[in-house]
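Heads up: the structure comes next, in structure tokens.
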Protein chains: 2
Amino acid sequence: MTSFSSKLLETAVAELSRLPGVGKRTALRLALHLLREDPSVSESLGSALIKLRSEIKYCAVCHNISDHDVCEICKNPQRNKAILCVVEDLRDVMAIETTGQYFGVYHVLGGKISPIDGVGPADLTIEELMARIGNGGIEEVFLALSSTLEGDTTNYYLYKLLKEHPLKITTIARGISVGDELEYADEITLGRSIIQRIPFESTLGGGK
Amino acid sequence: MTSFSSKLLETAVAELSRLPGVGKRTALRLALHLLREDPSVSESLGSALIKLRSEIKYCAVCHNISDHDVCEICKNPQRNKAILCVVEDLRDVMAIETTGQYFGVYHVLGGKISPIDGVGPADLTIEELMARIGNGGIEEVFLALSSTLEGDTTNYYLYKLLKEHPLKITTIARGISVGDELEYADEITLGRSIIQRIPFESTLGGGK
């Protein structure tokens, strides 16, 4: 795929293929798609991407991505400011918000401790987290990092820092997914869900 | 995935997910990737896409995508203007150019006749093709459309128009791919490659 008849197309394909998971062939397919569409499609896509990166802010309180200095969640008077959910990034905030089951606020770490990737505690917003807790008013810290090696390391690192404070420290329940069959569950998850078995009554009725 | 904390991000994800084969999840992943990169990455991607669509031209001779009024291939004095290769779109031109085995010029139809998709002969550059042939100087028309139902229909439609003119009409050879094993070849291709068997001598030595 060496013969582009157009420098404009070649540049667009080169730029598209810098995106993760987009190869030369996909990039070309996307570029040809844009050429077939109305010019307004490319215009609005292009300017949305430029504006996204140049105008985005991070919430001064929770460090989540935000259009304003303080994000909508932190600004919302209905949210319980005494519960702080610690997450890795925006995607986790979105996943939790979509459940409609969490009414506290967040603290976005911006990553997980991962020596292999050169990410240490100083690269995350851990200092800011401790400052928030130092300011008082927080009763519960809910550690909601994914249960990978890095997530567990980060959870444990935070736990060691947090247990010096008079806080309730919680984490998300691990167990068998709703609707999953036991025989297909991995043994670690099944094992944990047996050790941490819960009263049957708590599963009756709605959420909570 | 309903809860975007940023309108800028929501817009970027919505625009990205209008691309073919890009779902909401992929769009979000791409947007978050851009947020982690230097602002120049989003800037150059965005402006490349805007410029692609707003500044692209189509070659006045062969209708291929071009940065100028006449494309580099049509302008090239080394190309044999007596041989015209008829293709569906730019991708086919690129595929043929990459082989380095074709030295004629092209005619880009802009699609294939496909009644199901509402594409008729009038939607393609068939009139322009016949005008080029009417202008004289063309000795061979090489029909290089893909061998699908629509490609074959278009080839046959063009063949009926072209055979009124004193032209050599050729098409690409169908057969077993170089390196393929016979037992895995589909029977239609294998059948055609038996009917159209070629002198063994022609396979000796390099390309023509």
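Charges were assigned to the Cβ only: +1 to each Lys and Arg, -1 to each Asp and Glu. The resulting dipole of segment B:25-95 about its Cα centre is roughly 120 debye. Candidate cross-link partners of B:LYS160 among the lysines, defined by an alpha-carbon separation under 16 Å and a same-chain spacing of 8 or more, comprise B:LYS112, B:LYS168.
Per residue of A:72-78, other chain Cβ atoms within 10 Å of the residue Cβ number 1 on average.
Cα centroids of segment A:142-167 and segment B:71-143: 64 Å apart.
Which stretch or stretches of segment A:50-80 have amide N atoms under 18 Å from the point lying 7 Å from B:ARG18's Cα along the Cα→Cβ direction? Hits in segment A:50-80 for B:ARG18 at 18 Å: A:50-53.
Buried accessible surface for the A/B pair, both sides summed and rounded to the nearest 100, is 5200 Å² with a 1.4 Å probe. For the peptides A:40-46, A:174-180, A:8-14, B:126-132, residues were scored by their other Cβ atoms within 10 Å and the scores averaged per peptide; the highest-first order is A:8-14, A:40-46, B:126-132, A:174-180. For the residues of B:93-101, the average number of beta carbons from a partner chain within 10 Å of their own beta carbon is 3.
Could you compute the FRET efficiency for A:ARG192 and A:ILE169, with r as their C-beta to C-beta distance and R0 at 30 Å, rounded to 0.05? Rounded to the nearest 0.05, the efficiency is 0.95.
In this structure, B:ASN76 and A:THR99 have a Cβ-Cβ separation that, at R0 = 56 Å, corresponds to a calculated FRET efficiency of about 0.35. Please give the residues of segment B:50-94, grouped as numeric ranges, whose backbone N is less than 17 Å from a label point set 7 Å along the Cα-to-Cβ vector of B:SER146. So the set is B:86-94. In straight-distance terms, cross-link reach from B:LYS81 covers every one of the aspartates and glutamates whose alpha-carbon lies under 12 Å from its own, apart from those fewer than eight places away in the same chain; here that gives B:GLU139, B:GLU140.
Positive contributions from Lys and Arg (+1) and negative ones from Asp and Glu (-1), summed over other residues with Cβ under 13 Å from the Cβ of B:ILE188, come out at -1. Placing a label point 7 Å from the Cα of B:VAL70 along the Cα-to-Cβ direction, the distances to the matching points in the other copies come to 6.7 nm, shortest first.
Magnitude of the charge dipole for segment A:98-208, about its Cα centre and with charges confined to Cβ atoms of Lys, Arg (+1) and Asp, Glu (-1), is about 380 debye.
For A:LYS7, a cut-off of 16 angstrom between C-alpha atoms picks up these lysines, skipping any fewer than 8 places away in its own chain: A:LYS24, B:LYS51, B:LYS57, B:LYS75. Calculated mean residue ellipticity, 222 nm, chain B: -12500 deg cm²/dmol, from DSSP H runs (n ≥ 4) at -39500 (n - 2.57) each, averaged per residue and rounded to 500. Normalised by the number of residues in chain A, the average gap of Cα pairs under 8 Å and 6 or more apart makes the relative contact order 12 percent.
Note: relative contact order over segment A:1-121, using C-alpha pairs below 8 Å and six or more positions apart, is 15 percent. Treating each Cα of the protein assembly as shown as one equal point scatterer and applying the Debye formula with no solvent, the log10 of I(q)/I(0) at q = 0.06, 0.09 Å⁻¹ comes out as -0.43, -0.77.
Simple point charges give the picture: +1 on the Cβ of Lys and Arg, -1 on the Cβ of Asp and Glu, and for chain B a dipole about the Cα centre of about 240 debye. Ranked by the mean number of other Cβ atoms within 10 Å per residue, highest first, peptides A:192-204, A:83-95 order as A:83-95, A:192-204. Counting only other chain Cβ atoms within 10 Å of each residue's Cβ, the peptide B:57-63 averages 1.
The values are calculated or read from the model by the stated rules, or taken from the named source; none is laboratory data. What you are looking at is a predicted structure, and each value in this text was computed from that prediction instead of being measured. Using ideal geometry, Cβ is built from the backbone for each residue, glycine included, and neighbour counts are taken over all protein chains shown. What goes into the accessible areas is simple: the full protein's heavy atoms, side chains included, and nothing from ligands, DNA or RNA. Shrake-Rupley method; radii C 1.70, N 1.55, O 1.52, S 1.80 Å.
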